[in-house]
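Accompanying notes for the structure given below.
The values are calculated or read from the model by the stated rules, or taken from the named source; none is laboratory data. All values reported here derive from a predicted model rather than from experimental measurement. Note that we place each Cβ from the backbone using ideal geometry, even for glycine, and neighbour counts take in every protein chain shown. All accessible areas refer to the heavy atoms of the entire protein, side chains included, with ligands and DNA or RNA removed. Shrake-Rupley method; radii C 1.70, N 1.55, O 1.52, S 1.80 Å.
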Amino acid sequence: MKFFISIFLLLIINATYAQKYIIKGKVTDAGTSQPLSFANIRIDKSTLGTAASIEGAFELRLDQGNYKIIASVLGYKSDTLSVNLNSNVSKDFALEQISIRLSEVTVLPGINPALEIIRRAIISKHERNEKLESYVFNAFTKGLVKTTQDFRSSGGSASISIGTRDTGALKITGIIENESRGYFKKPNQYKDEIIARKQTANTPSSINILTGGRLLQNFYTDDIQFFDRPLLSPIADDALDFYYYIIEDTLAIDNRNIFQISFEPINPSDAGFWGKVFIADSSFTLVKLDLHLTDAANPGRLFNKINILQQFSSYDHNIPMPIDYRIFVEGNFLGLAKFGFELNSIFYDYQINPNLDDNIFGRLVIKVMPDADKKDSTYWKTTQTIPNSMEELFSYKRIDSLEAVPRSMADNFSLLSFSWRLNDYFSVFGPLRIYSFNRVEGHGVNFGVNLTRALEKRLSGNLDLGYGFSDKKFKSRIAAQYLLGEYRTHSISFSAENSLNDLFNESVAFSKLTSTLTSWIGKYDERDYYYSRGFNIKYFGEVSEVLFLGFGLLNRTDKNAVNNSNFSFLNKHKTYNPNKNIFETRINAFTTSLRLDFRNFIEDGEFRRRSSFGDAYAIFSGDAIISNSSLLKSSLDFQLYRFTINSFFRTIESNPLNIILRGVYSNGPVPFQMMYSLPASTESASQDFIYRTLRPGDVYGDRVLSINLEQSLRDLPISWLNLEIFRKLQLNFGVHFGAAITQISEKSKNIMPHQFVEYKHPFYELGFSVGQAIFPVRIDFTWKLNYFGNNNFSVDINSPLF
């Protein structure tokens, strides 16, 4: 019976896909027999088609029937073959080169003729965009990762010795492929659906979201960005003031005469493109672009090569649309790690100006369809793809076989690691977390086990244990979180602890490793500590596309901690600052939380992920703690309300501006340790969105309003001051500003354990930063503008590594 069922299922599968046949072949130069890369292959009188690979190979998957297949390449005479398709066939094209002379372009005397062509191309762009109301298309995308050494997922990596030059040849070490469908409607509504995807075994499916839509560039728009930096298209409205153009050659394609125009920025130091643009002489529409990024647009000159190719074909109403998008990148990080990346996308089966319901669109801009990862080899044989080269086929087998090899424990262990991964779910503390030091615990040993994304990536948790040799206390903390919902947008979390906590933990932006090192070297510990035991239970979930709500129960008992160690390798005669006392108490409270998130999001098949895609956004979040003595037997009656608004804008020449506004308000006596402290820097290290001229725990309150701005300027000051000599240094600049009002309510003052500082009138500080495009380190220079006293001017090192 099982045999007959299997045969029956196979017959159903074959019947489902039997209507598709494959036409494959190769496009070559008739004179030299060399392959013609990226040739345009289309079906006459239809929107079906594809583009050849870099090796000139193509595949079309079509229903049974009669077709005329046209192959065209810029500079060659197009060729047409008739096919009666009732089985898989091979058809090769050998195209002949053609040379023509174009009629003269009418221009004013003394005007560069290329400028007139670009002007007309810009006008043609606007005419195209006025006619284009909406469209739907299909796309196939293939991405190749290239390195000199194979890498593995879940903790495996290519080992590269620091100080040893990487001189190996690049090879394919990762592949992603996906089929997608895209939708667009004026003015700016878009959506992409990933229909099918596959990747090599060392690549998580969650990153395979590259589609033919918003994440890829279309040079018929002025919204072109690379490395989060807007760049002018060669036919952008302002392009004539930015680029220099010259006619290089004349070509033809599909009986159309074509201008080949080279261009580059008028100012060689400006960030933009250089290369060639191909424009039809009668319609002045784009035919092809072959572009490179200028050095100024290449961050830190990390990349040796960034080449972008795009071709266009006209569809209904003579509207040109992109038929492919290709980018080729190669780089070498300080000579230590060579890498490359290739992205090849083909766009086909366009529907121009269909009636699209607004319900198609919304904040969901990329959706991985539920069965996208379930498509088998039978499906991939029936859908439009880019043919795999022999190297790609070999790489699939090699990479998947490497992933199948069991890992030894040594593969995941490193002496310079914060955690050691045992398997796909469990990890333990690595050497950088096993030992710690602070003036309360003294020398401490720590052990922890982390559980990550178990039970269908829904369960995570950790167990942390520690012992301080100076305070002679054991510490423990256990926490777990379980995610609910189709896209894991709801969570239930629990934590319980009996541990040593950081006072004003949210204001300390530095790791405990940094604290250990500063204690060893300078006998400086920016933290204060207190003991706490209790538990916290919370639910938090998505109510709508923008609204999240949560509620929970909090129990904690807080006790004072004191200095127990004066150890340091240096400054042995110096004494640590005394640890600040807290208000010892037991708190039982209800908690509530809210978040409004107006960013668009992606559904990657497992999670719903928020992303700004470079657009302006605002995120509002708030929470409340309601402590009650009569109902919950808490030691204090108070309500503490906190909110944060995190916003992003593009301002000066589209550079990013980030603003964080924070507020705190209380009713009733709030214990000192639960107040809000302005986030601050250490004596020499800073982070973004903190107060550089303050120190942790300097200023706090239970009624606070603060704002922090971080404005990126990239290299604009060099341009403004005409300091071109510094352009090659790839310096990045930024401006930061902070302001705050802090107060402590009268009821809270009555239980304060020590003196305090209030900023009843706004405190201000202002500064700027200088960094390099490739290195994650900046120098911050900051001045107090009022409340002068200690540390009126601060110079700090800013790095996410701290």
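What is the sum of charges, Lys and Arg at +1 and Asp and Glu at -1, for the other residues whose Cβ falls under 14 Å from the Cβ of Ser495?
Working: positive: Lys475, Arg477, Arg533, Lys538, Arg556; negative: Asp464, Glu497.
Local charge sum for Ser495: +3.
Per residue, how big is the convex hull around the C-alpha atoms of segment 513-624? Give it to me in cubic angstrom, could you?
Numbers: hull volume 20.6 nm³, N = 112.
About 184 Å³ per residue, rounded to a whole number.
Write down the percent of antiparallel bridges among all DSSP beta bridges whose residues are both part of the chain, to the nearest 5. Walk me through the numbers on the way to the answer.
On the way: 266 of 281 bridges.
Roughly 95 percent of the beta bridges in the chain run antiparallel, per DSSP.
Roughly what % of DSSP beta bridges within segment 670-802 run antiparallel, to the nearest 5? Before the final figure, lay out the partial values.
Details: 37 of 40 bridges.
Antiparallel bridges: around 90 percent, rounded to the nearest 5.
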Task: Amide H within-cut-off set for Lys375, under 5 Å, with H built and near neighbours excluded - done: Arg197
Open item on the list: Between Ile774 and Ser134, what is the label-point separation in nm under the 7 Å Cα-to-beta-carbon projection?
Closed with: 4.7 nm
- [ ] Give the Cα extents of segment 721-794 along the principal axes, in whole Å, largest first.
- [x] 60, 23, 18
- [ ] Kindly report, to the nearest 10 Å², the accessible surface of Ile660 as traced by a 1.4 Å probe over protein heavy atoms only.
- [x] 20 Å²
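When the expected Rg is taken as 2.2 N^0.38 Å, what fraction or multiple of it is the alpha-carbon Rg of segment 492-564?
Numbers: Rg = 16.8 Å, N = 73, 2.2 N^0.38 = 11.2 Å.
So segment 492-564 has a normalised radius of gyration of 1.49.
Just order 673-681, 722-730, 245-253 by mean Cβ neighbour count inside 10 Å, highest at the front, would you? Could the numbers behind the result be given before it?
Working: 673-681: 24.0, 722-730: 12.8, 245-253: 17.6.
Result, highest mean Cβ count within 10 Å first: 673-681, 245-253, 722-730.
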Open item on the list: Please compare each pair in Lys68/Lys91; Lys125/Lys191; Lys171/Lys397 to a cut-off of 19 Å on the Cα-Cα distance and tell me which ones are over it.
Closed with: Lys125/Lys191
Task: Gap separating the Cα centres of segment 686-748 and segment 627-651, nearest whole Å - done: 25 Å
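Sort Thr592, Thr489 by heavy-atom solvent-accessible area, probe 1.4 angstrom, most to least. Write out the running numbers ahead of the final one.
Numbers: Thr592 70, Thr489 30 Å².
Largest accessible area first, the residues go Thr592, Thr489.
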Task: With Cα atoms, 0 to 90° folded angle of helix 390-404 axis to the chain main axis - done: 30 degrees
- [ ] Per residue of segment 285-298, in order, report the coupling 6.51 cos²θ - 1.76 cosθ + 1.60 (Karplus, θ = phi - 60°) as ³J(HN,Hα) in whole Hz, putting x for Gly and Pro.
- [x] 9, 5, 10, 6, 10, 9, 10, 9, 8, 5, 4, 5, 8, 9
TODO: Arrange the residues Trp720, Trp420 by how much accessible surface each exposes, largest first, with a 1.4 angstrom probe.
DONE: Trp720, Trp420
Task: On Cα atoms only, tilt of 113-131 relative to the major axis of the chain in degrees - done: 80 degrees
Task: Projected-area average for segment 670-774 over all orientations - Cα convex hull basis, square nanometres - done: 8.2 nm²
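Roll a 1.4 angstrom probe over the protein heavy atoms and tell me the percent of accessible area of the chain that is carbon or sulfur. Kindly include the intermediate steps, with their values, before the conclusion.
Working: 21490 of 38120 Å².
That share works out to 56 percent.
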Task: Dipole of the chain, positive end: most advanced residue of Thr200, Ser37, Phe227 [Cβ charges, Cα centre] - done: Thr200
Task: Helix 2-17 axis, angle to the chain major axis (alpha carbon atoms, nearest 10°) - done: 70 degrees
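Hey, what does the equivalent ellipsoid look like for the chain, semi-axes from the Cα gyration tensor as sqrt of 5 times each eigenvalue, largest first, whole Å?
56, 33, 26
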- [ ] Choose one of Pro268, Leu729, Leu785: the residue whose Cα lies farthest towards the positive end of the charge dipole of the chain (beta-carbon charges +1 Lys, Arg; -1 Asp, Glu; about the Cα centre).
- [x] Leu785
